[in-house]
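*Asks:* Below: one structure in structure tokens.
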There are 2 protein chains.
Amino acid sequence: MSFNENFENGIVILGAGNVATHLSIALTNAGFKIKCIYSKTITAAKTLALQVDSHYTNEITQIPVEADLYIIAVKDEIINEIVKNIQLKYGIIVHTAGSIPMDVFKGQFENYGVFYPLQTFSKSRNIDYSNIPICIESNTQILEEKLVKLAKRLSRSVHIVDSEKRKILHLAAVFACNFSNHMFSIATEIMNQSGIPFDLLKPLIAETAQKAIDTDPEKAQTGPAVRNDQNVIQNHLEMLKDNVEFEKIYRFVSESIYKMNQKKNK
Amino acid sequence: MSFNENFENGIVILGAGNVATHLSIALTNAGFKIKCIYSKTITAAKTLALQVDSHYTNEITQIPVEADLYIIAVKDEIINEIVKNIQLKYGIIVHTAGSIPMDVFKGQFENYGVFYPLQTFSKSRNIDYSNIPICIESNTQILEEKLVKLAKRLSRSVHIVDSEKRKILHLAAVFACNFSNHMFSIATEIMNQSGIPFDLLKPLIAETAQKAIDTDPEKAQTGPAVRNDQNVIQNHLEMLKDNVEFEKIYRFVSESIYKMNQKKNK
């Protein structure tokens with residue numbers, strides 16, 4: 001017996017965090033049946049299960065063995081543990097991690113792959129899944145097609161991406177998302193220390209992102225670093241002298257902006 | 001004789017770059033008369049003058065002396081030169097720079113101030129001036145009110161900000177705009193080197209900015225650094241080992257994200 005093409009025997013979600021939550025909801029909205037939510041934290045499993053009308057468990061041995069699809073959406077370091085302990089009959093098993101190669105499943109399962117949604121998820125935020133890029137990889141062509149078909153029911157942006165490229169994509173995403181967000185956080189701290197409301201920066205943040213989306217961010221660069229305006233730069237470094245951390249970031253990022261611009265204009 | 005309250009004797013714009021262009025257009029759209037555009041680059045002066053139906057010149061001595069308002073929107077290092085050489089009878093003189101104190105005008109003019117629009121401007125992009133925060137400072141109360149009144153005809157976000165706070169705001173803006181944009185640029189380079197289209201990152205960039213705007217960016221942080229996921233971090237550093245620049249930024253920003261999170265959770 002093999003898995004049902006339309007996943008009619010249901011989907012098991014392993015994990016109940018940000019990625020698991022949004023994916024479970026999107027799958028349910030697209031008409032798929034979530035059969036079971038597994039999480040070590042039983043309250044997290046229950047909370048998500050209630051949202052998607054599913055069973056739940058915190059015991060890996062209690063996970064149904066006859067589901068069609070098992071999606072592992074947990075912290076990277078727990079994936080191996082799940083791979084070692086989970087029992088399944090014929091279903092496909094995939095993970096959602098940017099940096100973990102597909103080979104983590106090799107030799108353990110017959111049908112496996114990766115289902116990587118490229119987005120930053122927080123439980124408390126609603127998100128439109130339909131424009132999230134979903135990166136698919138699989139150990140067989142047929143399976144790849146099944147996963148693509150499934151992904152297309154959630155999003156109009158579905159891509160075949162192998163483990164090597166997915167790793168690069170994840171690295172780029174860390175810069176584009178986590179690191180840019182940290183720049184917003186530092187800006188917030190600087191504002192807060194001086195009692196200036198963060199609200200003043202919001203139109204600037206919105207336009208910065210929109211400009212990067214509409215044009216090439218390298219071409220869109222403005223400010224003292226790209227002009228190499230040393231008066232302003234030295235002044236800013238002086239203002240940051242009590243915060244070694246921020247000063248260091250200011251110095252290196254400014255240098256990097258200037259160098260990238262020099263290289264571009266060569 | 002003093003300046004006309006409604007600036008009916010016209011406005012002179014010194015500069016024809018990104019800030020000058022958008023400000024001239026916004027002022028014209030709000031019904032103000034641009035009397036003259038001055039720029040050392042005569043073609044730039046002419047291009048902008050044609051857009052706002054104004055005279056133009058590249059000779060500072062040719063600038064009309066009887067305008068009501070002179071707005072200096074040039075590179076920081078040229079402001080002093082203009083302050084030394086410009087002749088005016090009774091108009092108000094302001095600059096648009098984040099990091100230059102208002103005192104640059106002290107002893108030289110009777111009526112002066114600062115008109116700082118907090119946004120990233122590119123000539124080629126249309127921009128809605130009505131939600132750009134405009135930071136006003138002036139040497140007299142009466143003048144401050146006039147400038148606020150003028151600014152309110154361009155934007156619904158007008159603020160009184162002194163030179164010290166404006167400097168801090170500008171520093172925060174460098175992080176929030178230039179530095180976050182550089183993270184987008186690095187992401188682009190990483191993607192380009194591997195032939196992965198940058199488009200894949202666009203929904204992530206849009207959501208990262210929107211999340212920072214809707215919530216607190218510190219609380220919104222996700223990714224390997226905030227989880228202190230050393231497997232992923234070491235892997236990423238290894239991938240960047242041929243690019244000292246990017247590796248250094250990755251290391252310091254990751255450390256800073258982790259430390260900020262530790263401090264927050266104390």
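*Asks:* Roughly what angle does helix B:141-152 make with the longest principal axis of chain B, taking Cα atoms, 0 to 90 degrees, to the nearest 10?
*Replies:* So the inclination is approximately 60 degrees.
*Asks:* What are the radius of gyration and Dmax of segment A:1-77, computed over its Cα atoms and given in Å?
*Replies:* Calculated on Cα positions, Rg and Dmax stand at 11.4, 34 Å.
*Asks:* Another question, then. Compute the relative contact order of segment B:1-71 as a whole-number percentage, counting only Cα pairs closer than 8 Å that sit 6 or more residues apart in sequence.
*Replies:* Details: 125 pairs, mean separation 28.5, N = 71.
Relative contact order for segment B:1-71 comes out at 40 percent.
*Asks:* List every residue whose amide H lies under 5 Å from the amide H of B:Asn4, counting only residues 5 or more places away in sequence or on a different chain, with H placed 1.01 Å from N in the peptide plane.
*Replies:* Sorted by chain and number, the residues that satisfy this are B:Asn9.
*Asks:* How big is the dipole moment of segment A:122-223 about its Cα centre under a simple scheme where the beta carbon of each Lys and Arg is +1, that of each Asp and Glu is -1, and everything else is neutral? Debye, nearest 20, please. Spell out each step's value before the answer.
*Replies:* On the way: 13 positive and 12 negative charges, 86 e Å.
Roughly 420 debye, rounded to the nearest 20.
*Asks:* Can you give the three extents of the C-alpha atoms in the protein assembly as shown along their principal axes, from longest to shortest, in whole Å?
*Replies:* 94, 45, 41
*Asks:* Quickly estimate the mean residue ellipticity at 222 nm for chain A, helices only: each DSSP H run with n ≥ 4 gives -39500 (n - 2.57), and the total goes over all residues, rounded to 500.
*Replies:* Details: 11 runs with 123 residues, N = 266.
-14000 deg cm²/dmol, from helical runs alone.
*Asks:* Can you say what percent of the DSSP beta bridges in chain B, counting only those with both residues inside, are antiparallel? Round to 5. All intermediate terms of the calculation are to be shown ahead of the outcome.
*Replies:* Values: 5 of 26 bridges.
In chain B, approximately 20 percent of DSSP beta bridges are antiparallel ones.
*Asks:* Amide H of B:Leu14: which non-local residues (sequence gap of 5 or more, or other chain) have their own amide H closer than 5 Å, using H built in the peptide plane?
*Replies:* For B:Leu14, the qualifying residues are B:Tyr38, B:Ile71, B:Ile72, B:Ala73.
*Asks:* Ordered by residue, what ³J(HN,Hα) values in Hz, to whole numbers, does segment A:80-95 give under the Karplus form 6.51 cos²θ - 1.76 cosθ + 1.60, where θ = phi - 60° and Gly and Pro are x?
*Replies:* Listing the rounded values in order: 4, 4, 5, 4, 5, 9, 6, 10, 8, 8, 9, x, 8, 10, 9, 10 Hz.
*Asks:* What Kirkwood hydrodynamic radius do you get for segment A:124-266 when you take the inverse of the mean 1/r over all pairs of distinct Cα atoms, in Å? The partial results should precede the final answer.
*Replies:* Working: mean 1/r = 0.0540 Å⁻¹.
The answer is 18.5 Å.
*Asks:* Using the alpha-carbon centroid of each, what span in Å lies between segment B:83-154 and segment A:71-124?
*Replies:* 57
*Asks:* Would you work out if segment B:73-154 is rounded, prolate or oblate? Take a ≥ b ≥ c from the square roots of the eigenvalues of the alpha-carbon gyration tensor; rounded if a/c is under 1.5, else prolate when a/b is larger than b/c, oblate otherwise. Could you put the intermediate results ahead of the total?
*Replies:* On the way: a/c = 2.13, a/b = 1.32, b/c = 1.62.
Cα axes put segment B:73-154 in the oblate bin.
*Asks:* Mind listing the label-point distances from A:Thr47 to the same position on all other copies, shortest first, one decimal in nm, points 7 Å along Cα→Cβ?
*Replies:* 5.4
*Asks:* Report the far tail of the P(r) of segment B:30-74, meaning the percent of Cα-Cα pairs longer than 14 Å.
*Replies:* Here the long-distance tail beyond 14 Å is 46 percent of all Cα pairs in segment B:30-74.
*Asks:* Further question on the same structure: Could you list B:Thr188, B:Thr120 so that the one with the fewest beta carbons within 10 Å of its beta carbon is first and the one with the most is last?
*Replies:* Details: B:Thr188 19, B:Thr120 23.
Taking fewest neighbouring Cβ atoms as first place, the list is B:Thr188, B:Thr120.
*Asks:* Using only Cα atoms, find the angle between the long axis of helix B:202-214 and the longest principal axis of chain B, and express it within 0 to 90 degrees, rounded to the nearest 10.
*Replies:* Compared with the principal axis, the helix lies near 70 degrees.
*Asks:* Further, regarding this structure: Which value, in Å³ per residue, describes the convex hull spanned by the Cα atoms of segment A:130-201? Please list the in-between numbers first.
*Replies:* On the way: hull volume 6.8 nm³, N = 72.
Each residue corresponds to 94 Å³ of Cα convex hull volume.
*Asks:* I want the antiparallel fraction of DSSP beta bridges within the protein assembly as shown, as a percent rounded to 5.
*Replies:* Percent antiparallel among DSSP bridges in the protein assembly as shown is about 20.
*Asks:* Count the DSSP beta bridges whose two residues both fall in segment B:82-226, then state the antiparallel fraction as a percent rounded to the nearest 5.
*Replies:* On the way: 5 of 11 bridges.
That works out to approximately 45 percent antiparallel.
*Asks:* Could you state the principal axis extents of the C-alpha atoms in chain A, from the largest down, to the nearest angstrom?
*Replies:* Projected onto its principal axes, the Cα set of chain A covers 72, 42, 30 Å.
*Asks:* To continue, here is another question. Report, to the nearest 10°, how far helix B:18-29 tilts away from the longest principal axis of the Cα atoms in chain B, using its own Cα long axis and a range of 0 to 90°.
*Replies:* Long axis of B:18-29 versus the principal axis of chain B: about 50 degrees.
*Asks:* Using the Karplus curve 6.51 cos²θ - 1.76 cosθ + 1.60 with θ = phi - 60°, work out ³J(HN,Hα) for each residue of segment B:99-107 in order, rounded to whole Hz, and write x for Gly and Pro.
*Replies:* Running phi through 6.51 cos²θ - 1.76 cosθ + 1.60 with θ = phi - 60° gives 9, 9, x, 5, 4, 4, 8, 4, x Hz.
*Asks:* 5 Å is the cut-off here: which amide hydrogens, built 1.01 Å from N in the peptide plane, fall below it relative to A:Val158, excluding neighbours closer than 5 in sequence?
*Replies:* Those qualifying (amide H under 5 Å, at least 5 residues apart or on another chain) are A:Ile134.
*Asks:* Report ³J(HN,Hα) in whole Hz for each residue of segment A:57-71, in order, from the Karplus equation J = 6.51 cos²θ - 1.76 cosθ + 1.60 where θ = phi - 60°; Gly and Pro get x.
*Replies:* Taking θ as phi minus 60°, the curve returns 7, 10, 10, 4, 6, 8, 5, x, 8, 10, 7, 8, 8, 10, 10 Hz for segment A:57-71.
*Asks:* Same structure again: With point charges of +1 on the Cβ of Lys and Arg and -1 on the Cβ of Asp and Glu, referenced to the Cα centre of segment B:167-265, which listed residue (B:Ile196, B:Asn231, B:Ser256) lies farthest in the positive direction of the dipole?
*Replies:* Comparing the listed Cα positions along the dipole, B:Ser256 ranks first.
*Asks:* Which of B:Lys35/B:Lys84; A:Lys248/B:Lys211; B:Lys46/B:Lys123; A:Lys84/A:Lys165 have a Cα-Cα distance over 19 Å?
*Replies:* Details: B:Lys35/B:Lys84 21 Å; A:Lys248/B:Lys211 26 Å; B:Lys46/B:Lys123 14 Å; A:Lys84/A:Lys165 26 Å.
Those over the limit are B:Lys35/B:Lys84; A:Lys248/B:Lys211; A:Lys84/A:Lys165.
*Asks:* Would you kindly calculate the mean projected area, averaged across all directions, of the convex hull enclosing the Cα atoms of segment A:197-266, in square nanometres? Working shown, then result.
*Replies:* Numbers: hull surface 22.3 nm².
Result: 5.6 nm².
*Asks:* Could I ask something else about it? Give me A:Phe7, B:Phe109 ranked fewest to most by other Cβ atoms within 10 Å of their Cβ, as a rough exposure proxy.
*Replies:* B:Phe109, A:Phe7
*Asks:* Taking the beta-carbon count within 10 Å as an exposure proxy, list B:Val104, B:Val174, A:Val148 from fewest neighbours to most.
*Replies:* Numbers: B:Val104 19, B:Val174 28, A:Val148 15.
Least crowded to most crowded, the residues run A:Val148, B:Val104, B:Val174.
*Asks:* If the only charges are +1 at each Lys and Arg Cβ and -1 at each Asp and Glu Cβ, what is the size of the charge dipole of segment B:1-130 around the Cα centre, to the nearest 20 debye?
*Replies:* Details: 10 positive and 12 negative charges, 70 e Å.
The dipole of segment B:1-130 has a size of about 340 debye.
*Asks:* When all C-alpha to C-alpha distances in segment A:17-143 are sorted into bins of 5 Å, what percent of pairs does each bin hold, rounded to whole numbers?
*Replies:* 2, 10, 21, 25, 23, 14, 4, 0
*Asks:* Calculate the length of the line joining the C-alpha centroid of segment A:214-258 to that of segment B:15-69, in whole Å.
*Replies:* 30
*Asks:* Same structure, new question: If contacts are Cα pairs under 8 angstrom and at least 6 residues apart, what is the relative contact order of chain B in percent?
*Replies:* Numbers: 371 pairs, mean separation 31.9, N = 266.
Relative CO of chain B lands at 12 percent.
*Asks:* Say the dipole of the protein assembly as shown comes from +1 at the beta carbon of Lys and Arg and -1 at that of Asp and Glu; which of A:Ile136, A:Ile11, A:Pro117 then lies farthest toward its positive end?
*Replies:* It is A:Ile11, whose Cα lies furthest towards the positive end.
Bear in mind these aren't lab numbers, they're just calculated from the coordinates by the rules spelled out. These numbers were taken from a predicted model, which means no experiment stands behind them. Because the Cβ atoms are built from the backbone with ideal geometry, glycine has one as well, and the counts that use them run over all protein chains shown.
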